[in-house]
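Undergrad: Here it is, the structure, as structure tokens.
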Amino acid sequence: MVLETLKVNKKSWDEVAHRFYGRNPLPDYGPLAPSEEDLHLLGDVAGCKVLDIGCGSGHSLLYMNERGAAELWGVDLSKTQIETARNVLADVTAPVQLFESPMENDPGLPSNYFDMVYSIFALGWTTDLQATIQNVHRYLKTGGTFIFSWEHPLHSRARLIDGSLHLDKSYHEEGPYDHEAWHALAIMQQLKVSTYINTLADHGFQIEKIIEDVALTEEDREKHENRWYSYEKATKLPTTLIIKCKKL
Ligand SMILES: C[S@@+](CC[C@H](N)C(=O)[O-])C[C@H]1O[C@@H](n2cnc3c(N)ncnc32)[C@H](O)[C@@H]1O
């Protein structure tokens, strides 16, 4: 089942990668969410070894290069995304290491090596959160930082109808689902906020910050009308969950 899911998702991502080229990378954490410019979660990354989980087209790593990171590493399931990231990062000053691999597996990354591991809107694709968090923990140095953003677990369970929110899936329900906003078969994992927090705690992370805010401008009102991440829905519910934690 897991292998089948990864196969399906790899195929979908190879097909749709061009539509996600440079979409919402750092300094953004997600659509209609506060950005790094508002939150200042990263701190000083100059001289840091950083690893991007689900690095996509490589634009967040490009941002890390601009902030002076010493080494840029990335993992992504999709061959197309990794090829694109290689081009996007072709002229950066820092050394780059990219791996075509599911985040659930370790493609041979060093242990206790990274100052920061982060993941921008990719973690919810994992078919095995435990294995993924265990990997992240192993890659990080003690005291290293892990930051991730993902669609807020309430967002896909609630629907906005005539200005009111309706919960059409149980919040208790967890597991794989075929996401309706995708027009190709793509299987994401529905988890609860507590599952993310408890998995991090169980694997030796200390939570430093949880962010469930939105950042809405007048410009977004029109730009995000009738979208999956709609302005109106975001006035009532967070689009994005952001967690910052530290390896103990
Ligand atoms: C929305 S994109 C991420 C964008 C990227 N983080 C950025 O900052 O520009 C989600 C990425 O997750 C990758 N992905 C999906 N399932 C994955 C898995 N199991 N392991 C690793 N990467 C995965 C996809 O190929 C895609 O590139």
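The values are calculated or read from the model by the stated rules, or taken from the named source; none is laboratory data. Predicted model only: the values in this text are computed from it and were never measured. For neighbour counting, all protein chains shown are included, and Cβ atoms are generated from backbone atoms with ideal geometry for every residue, glycine included. Calculation scope for accessible area: heavy atoms of the full protein, side chains included, ligands and nucleic acids excluded. Shrake-Rupley method; radii C 1.70, N 1.55, O 1.52, S 1.80 Å.
Undergrad: For Ile120, Ile210, what's the largest-to-smallest order of accessible area, 1.4 Å probe? Each step should come with its number before you reach the end.
TA: Details: Ile120 20, Ile210 70 Å².
Most to least solvent-accessible, the answer reads Ile210, Ile120.
Undergrad: Next question, about the same structure. On the principal axes of its Cα set, how long, how wide and how thick is the chain? Give whole Å, largest value first.
TA: 51, 42, 36
Undergrad: Shifting gears a bit: At what distance in angstrom do the alpha carbon centres of segment 56-131 and segment 202-224 lie from each other?
TA: Result: 21 Å between the Cα centres.
Undergrad: Another one. With every protein chain present, what accessible area does His172 have (1.4 Å probe, heavy atoms only), rounded to the nearest 10 Å²?
TA: Solvent-accessible area, nearest 10 Å²: 140 Å².
Undergrad: How large, in percent, is the carbon and sulfur part of the accessible surface of the chain at a probe radius of 1.4 Å? List each step's numbers first, then the result.
TA: On the way: 5540 of 11490 Å².
In the chain, the share of accessible area belonging to carbon and sulfur is 48 percent.
Undergrad: With a 1.4 Å probe and all protein chains left in place, how much accessible area per residue does segment 46-115 have, in Å²? Can you show the working numbers first?
TA: Working: 2770 Å² over 70 residues.
On a per-residue basis, segment 46-115 sits at 40 Å².
Undergrad: Using the charge dipole of segment 19-152 (Lys, Arg: +1 at Cβ; Asp, Glu: -1 at Cβ; taken about the Cα centre), state which of Val75, Gly143, Trp125 has its Cα farthest towards the positive end.
TA: Farthest along the dipole direction, towards plus: Val75.
Undergrad: Do any of Lys10/Lys169; Lys11/Lys246; Lys11/Lys192 go past 32 Å between their Cα atoms, and which?
TA: Numbers: Lys10/Lys169 26 Å; Lys11/Lys246 34 Å; Lys11/Lys192 27 Å.
From Lys10/Lys169; Lys11/Lys246; Lys11/Lys192, over 32 Å: Lys11/Lys246.
Undergrad: Enter the Cα centre distance for the pair segment 171-191 and segment 1-39, rounded to the nearest angstrom.
TA: Each part's Cα centre sits 14 Å from the other's.
Undergrad: At 0.36 nm per residue, and after removing the present C-alpha to C-alpha distance, how many nm does the segment from Leu165 to Lys236 gain when stretched out fully?
TA: Numbers: separation 71, 0.36 × 71 = 25.56 nm, distance 0.80 nm.
The span from Leu165 to Lys236 would gain 24.8 nm if fully extended.
Undergrad: I need the phi-derived Karplus couplings for segment 240-245: 6.51 cos²θ - 1.76 cosθ + 1.60, θ = phi - 60°, integer Hz, Gly and Pro marked x.
TA: Couplings: 9, 10, 10, 10, 10, 9 Hz.
Undergrad: Could you name the aspartates and glutamates whose alpha carbon sits less than 15 Å from that of Lys223, not counting residues in the same chain fewer than 8 places away?
TA: Cross-link targets: Glu232.
Undergrad: Put +1 on the Cβ of every Lys and Arg and -1 on every Asp and Glu Cβ in segment 1-76; which of His59, Tyr29, Leu6 then has its Cα farthest towards the positive end of the dipole?
TA: Farthest along the dipole direction, towards plus: Leu6.
Undergrad: Nothing charged except the Cβ atoms of Lys and Arg (+1) and of Asp and Glu (-1): what's the magnitude of the dipole of segment 93-220 about its Cα centre? Round to the nearest 20 debye.
TA: Working: 7 positive and 19 negative charges, 98 e Å.
With only Lys, Arg, Asp and Glu charged at Cβ, the dipole is about 460 debye.
Undergrad: Now a separate question. Treat every Asp and Glu Cβ in the chain as -1 and every Lys and Arg Cβ as +1, leave all other atoms uncharged, and give the resulting dipole magnitude about the Cα centre to the nearest 20 debye. Spell out each step's value before the answer.
TA: Details: 24 positive and 36 negative charges, 95 e Å.
Charge dipole of the chain: 460 debye, to the nearest 20.
Undergrad: Over the heavy atoms of Glu208, what accessible area does a 1.4 Å probe trace out, to the nearest 10 Å²?
TA: 80 Å²
Undergrad: Might you tell me the accessible area per residue for segment 151-248, computed with a 1.4 Å probe and given in Å²? Let's see the in-between values first.
TA: Details: 5350 Å² over 98 residues.
Roughly 55 Å² per residue, with all protein chains present.
Undergrad: To the nearest 0.05, what FRET efficiency results for Asp213 and Arg67 with a Förster distance of 22 Å applied to their C-beta separation?
TA: Details: r = 23 Å, r/R0 = 1.03.
Efficiency, rounded to the nearest 0.05: 0.45.
Undergrad: Using only the heavy atoms of the protein chains and a 1.4 Å probe, how would Val50, Val8 rank by accessible area, largest first?
TA: Details: Val50 0, Val8 30 Å².
Reading off the accessible areas and sorting them downward yields Val8, Val50.
Undergrad: With all protein chains present, calculate the accessible area of Trp182 using a 1.4 Å probe and round the result to the nearest 10 Å².
TA: 40 Å²
Undergrad: Given only helices, namely DSSP H runs of n ≥ 4 each adding -39500 (n - 2.57), what is the per-residue ellipticity at 222 nm of the chain, to the nearest 500 deg cm²/dmol? Let's see the in-between values first.
TA: Details: 8 runs with 68 residues, N = 248.
That comes out to -7500 deg cm²/dmol.
Undergrad: Sorted by accessible area (1.4 Å probe), largest first, how do Ile133, Ile187 line up? Let's see the in-between values first.
TA: Values: Ile133 5, Ile187 25 Å².
From most accessible down to least: Ile187, Ile133.
Undergrad: Multiply the residue gap between Val92 and Ser111 by 0.36 nm, knock off their C-alpha separation, and tell me the result in nm, one decimal place. Don't skip to the end; give the middle numbers.
TA: Values: separation 19, 0.36 × 19 = 6.84 nm, distance 2.46 nm.
Stretched out fully, the Val92 to Ser111 stretch lengthens by 4.4 nm.
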